[in-house]
Every structure is written in C-alpha cells, then in structure tokens.
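Worksheet: the structure to be examined is printed underneath.
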Amino acid sequence: MNRIFIFILTMSVIAFSCNKDASIEDNTIDTGDLNLLETDSFILTSYTVEDEAVNGKNIVGILLGQTNDTKIGESKASFYSELAITKNAYDLGANPILDSVVLILDQTSSYGELNSLFDLNVYEMTSEISSLESYKNNTVLNVNGTPLATFNNYQFKTGESVVRLPLSAAFGNSLISAFGTTDMESTESFQLFFKGFYVTATAVNGDGFVSLSLNNDSSKLELFYNSDTQVDSLYTFSINSSESSISQYINENNTSEAIMAVNTDNKEVAFVSSMSNFKTLIEFPDLTHLQNVIINKAELSVYQADYGSTEAIAFPEPIKMILFQNLEDTSISYLSSYSSSNYGPIGEKTVVEVAGSNTNVYSFQITQYIQNLINKTASAESIYLLDVSSNEGNRIKLGGGNHPTLPIKLNIVYTVKK
C-alpha cells in the first residue's frame, strides 16, 4: 500500500510540474532522494472587511442602477461625464428652432433581474472634472438641483440595449443659444459653458445595474433642430476617450448580513462584493513545521455558502475572483511571481458536490506564496479575496475558515528535503 501511495503522489508531482506556477525548484536538493506527502488539514481564519474606494475616473464599464438585498445591503451606481463638440464654430443657420435634445447611452450588459421600476434623473454639473486630478469611486461633485430631465417608473432592459433620455426643452434651447458664440469655438470653451452631466437611477427595491460604454460613437448627445437656412437638422455632442467620466458608488449596508459579519468578526461566513463594498481577509496558520520541505503545489479553495438561494439567483456571484497580498502599510499588492498581464491567482467558479449538495468553488494556485510564507520571505502573512471586477455588481456569501461544511481549504503537495 505504501508503494502504491508513493506512486500516486509521484504521478501527481509530475503532472503538477507541467505548470510553471505549480513547482518550486531548489537546485541544491537531490530530487532523487525525496519523501512525497500531501495534506489539507490546515485550519484557516477568515474575516469579512469593508473595502476601500478606488479609482473611479475613466473606467471601462460605467454602472447605473441600484440593488437592495439583505446579504450586502443597498448599493447605488451613478456617474458624471463631460461632453465634447464635434464641429468647431458650427452654424445652425438662421432662426434655429429646437425639435428635441436626447442623451443616448450604449448599454453593453446588465446585472440582476431588473424587474424594478427606477426613477432616473439627469443633472447639469456645476463642478468641473479636472484632467489633472484623480477621482475615487465615491466622489461627490456639485450639480444643479433642478434636473435636466426626470423619468419616473423607468424599466431597464437586460443585456445589450440603448438608453435614450430626452432632456428638457430649456436645456436644448440653452445649447442652441450657445452656437455662434465663443462657447462653441472649441471643446475647452464649451466645457466652461457646460461642465457635464450627472445621471442617477434609484428604486426602493432596486434589483440590478446596467453597464454603459461611454467611450464609443454610440454614446452621445443629439440636438435636433430646424432653421430657415437649414443644411442639416442634427448636431451631435460626443462622449469619447478624450473626455472624462467618474463612476460613483454609494453603499448603505448598516443592516446587511455582511456588515454584521464585519462587526462580530464572524469566522464562519465571509462576503465579497464589487463596487468597493466588501472583501474577505484570509489568514494562514503557522507553517514552520514545513520549513524542511519544497512545495510542489498549494491550492486554496473557497466555497459559496448560499448556492441556489433566492438572493443568490437574483444577485449572481462573481464569475472569477482574485487574491491579493495584504501589506503591513494597509495597501494591497499582487502575489509574487505574477506579471502585469497575469495579476495574481485567479479562481473561476466551478460547480462541485459537497455533502450531497451542489455549490460553487473557486480554486487558486498559490504555490509560490506558500513557499515564501514558509521561508519567511512573503511580503504579507494574509491575503485578500476580491471580485476580479470592481464594476459589475457581483456579490457572494462564502463559507469562512470555521464553516461547518464548507470551510476554506488549503491543500498542499510537498516533498521533504533529506
């Protein structure tokens, strides 16, 4: 039986060595004289912690909408954006008369069920977006209190779509009056006249977000008009990569399960939510008894604790999650031995059966990090678990280190130096 066990482990090590991230080489060791072992008996500690605001300027995928669930709480996504003129010093012709002015937003995807009716508001910004400043995703800028448009009981479509928002005639006429003046000589002068717009969407029982792409030709402001010497009847203002946008997230989680886990240091369950809301901190046990080993493979696995529940279906879990180091200065960094194109161990959700029931598992290869922990060369002794994207609305309830049936697991295959 021992020979069979050694043979199985040997085959595992050979298979693992085909992956460059699954083997730590030590050329000073005679690999022909090794004792091969495997263990998953470690007890890990985990905590839910509140996430910090991050960059919100010019990100890909602008969220708009609101969710409200008992697991994570209330999250609201709004955004600010500038406009640019497309033709300098353009002449509308004699006696231009407004037909309509419409804000058009390219919807590329959606999150949640989106059965709720939302109240949408578009405001004119009174604070400019500085090209020299950075803005976090909880930034609040000044806007005119009277909206350019209000849409009550608006229902978003799921998936790809177009959001068309007709704005007020007063705003359209103010744009028409700017033509023929210095305000329309350049984008810079126009943005002194109109600093940009702010869009919000609220619902008492909010159940989703739409993701918008602003930096393409499909997102724009269209001004329709007639004039006595009309050559054209449409002028387009663009929202493109040279203009600035800011995503704004407001999270109200005072009565949520996640904040209760934070406040009680709950080690049985853990939560991860995008939009700079919640993340999970994982601490490792003392591994000094492995100082005389080489780690061939170290795999961390975390399991969804509420798979198939009503809220988990309504508010889907992340497709992928990622691990970061938790540094002593409270910042985070990528795990070692990963490049800018491969930021860190990424775990993609996979359905597995545990104790007769299905759930999602996310598995992460952290071989180098565990070897560094053992060698006392790791930059940090704990890591964060986050959603790969902070801008998609995903959230998940996980089994923590002390969960009775779905605990976080660390599986190590190693060889003992002789």
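The values are calculated or read from the model by the stated rules, or taken from the named source; none is laboratory data. The structure displayed is predicted, hence computed values, not measured ones. So basically every Cβ, Gly included, is an ideal-geometry build from the backbone, and we count neighbours across all protein chains shown. We work out accessible area using only protein heavy atoms, side chains counted, and drop any ligands, DNA or RNA first. Shrake-Rupley method; radii C 1.70, N 1.55, O 1.52, S 1.80 Å.
Among 143-154, 287-298, how do they line up by average Cβ neighbours within 10 Å per residue, starting with the highest?
The densest-packed peptide leads the list: 287-298, 143-154.
Given R₀ = 45 Å, what would the calculated FRET efficiency be for Ser127 paired with Glu348, taking r from the Cβ atoms and rounding to 0.05?
0.65
Between segment 54-94 and segment 128-202, what is the C-alpha centre distance in whole Å?
Using only Cα atoms to place each centre, the spacing works out to 9 Å.
Could you compute the net charge surrounding Asp232? Neighbours are other residues with a C-beta less than 13 Å from the C-beta of Asp232; K and R count +1, D and E count -1.
-2
Hey, could you grab the Kirkwood Rh for the chain? Inverse mean 1/r over distinct alpha carbon pairs, Å, one decimal.
Every distinct Cα pair counted, the radius reaches 24.4 Å.
Calculate the radius of gyration of the Cα atoms of segment 339-418 to one decimal place, then report Dmax, the largest Cα-Cα distance, as a whole number, both in Å.
Taking only Cα atoms of segment 339-418, I get Rg and Dmax of 15.3, 51 Å.
What do you get when you divide the Cα radius of gyration of segment 189-241 by 2.2 N^0.38 Å, with N the number of residues?
Segment 189-241 yields a ratio of 1.60.
Considering only protein heavy atoms and a probe of 1.4 Å, how much of the accessible area of the chain is carbon and sulfur, as a whole percent?
It is 48 percent, rounded to a whole number.
How much accessible area per residue does the chain have, in Å², with a 1.4 Å probe?
That works out to 47 Å² per residue.
Tilt of helix 2-16 relative to the longest C-alpha principal axis of the chain, in degrees (0 to 90, nearest 10)?
30
In whole percent, what relative contact order does segment 192-271 give with Cα contacts below 8 Å and a gap of six or more residues?
Once divided by the residue count of segment 192-271, the mean separation gives 19 percent.
Using the alpha carbons of segment 164-279, what is the convex hull volume per residue in cubic angstrom, as a whole number?
164
Among the listed pairs Lys136/Lys320; Lys349/Lys397; Lys349/Lys409; Lys157/Lys349; Lys76/Lys220; Lys76/Lys195, give every one whose C-alpha distance is greater than 19 Å.
The answer is Lys136/Lys320; Lys157/Lys349; Lys76/Lys220; Lys76/Lys195.
Counting only helical runs of four or more DSSP H residues, what would the 222 nm mean residue ellipticity of the chain come to if each run contributes -39,500 (n - 2.57) and the total is spread over all its residues?
-3500 deg cm²/dmol
Mind checking the full-extension length gain between Ser309 and Asn115? Use 0.36 nm per residue of separation minus the Cα-Cα distance, one decimal, nm.
68.0 nm
Dipole size in debye (nearest 20) for the chain around its Cα centre, Lys and Arg Cβ +1, Asp and Glu Cβ -1?
Here the size comes out at about 860 debye.
Using +1 at the Cβ of each Lys and Arg and -1 at the Cβ of each Asp and Glu in the chain, identify which of Pro404, Ser177, Ala149 lies farthest towards the dipole's positive end.
Going by the charge dipole, the pick is Pro404.
Once both axes come from the Cα atoms, what is the angle between helix 169-178 and the longest principal axis of the chain, in degrees from 0 to 90, rounded to 10?
80
Hull surface divided by four, with the convex hull built on the Cα atoms of segment 89-216: how many nm²?
Mean projected area of the Cα convex hull: 9.3 nm².
Below 8 Å between Cα atoms, with a sequence gap of 6+, how large is the relative contact order for the chain in percent?
Taking the mean separation of contacting Cα pairs over the length of the chain, I get 27 percent.
Using a simple charge model, +1 on the beta-carbon of Lys and Arg, -1 on the beta-carbon of Asp and Glu, nothing else, what dipole does segment 268-313 show about its Cα centre, in debye to the nearest 20?
Roughly 200 debye, rounded to the nearest 20.
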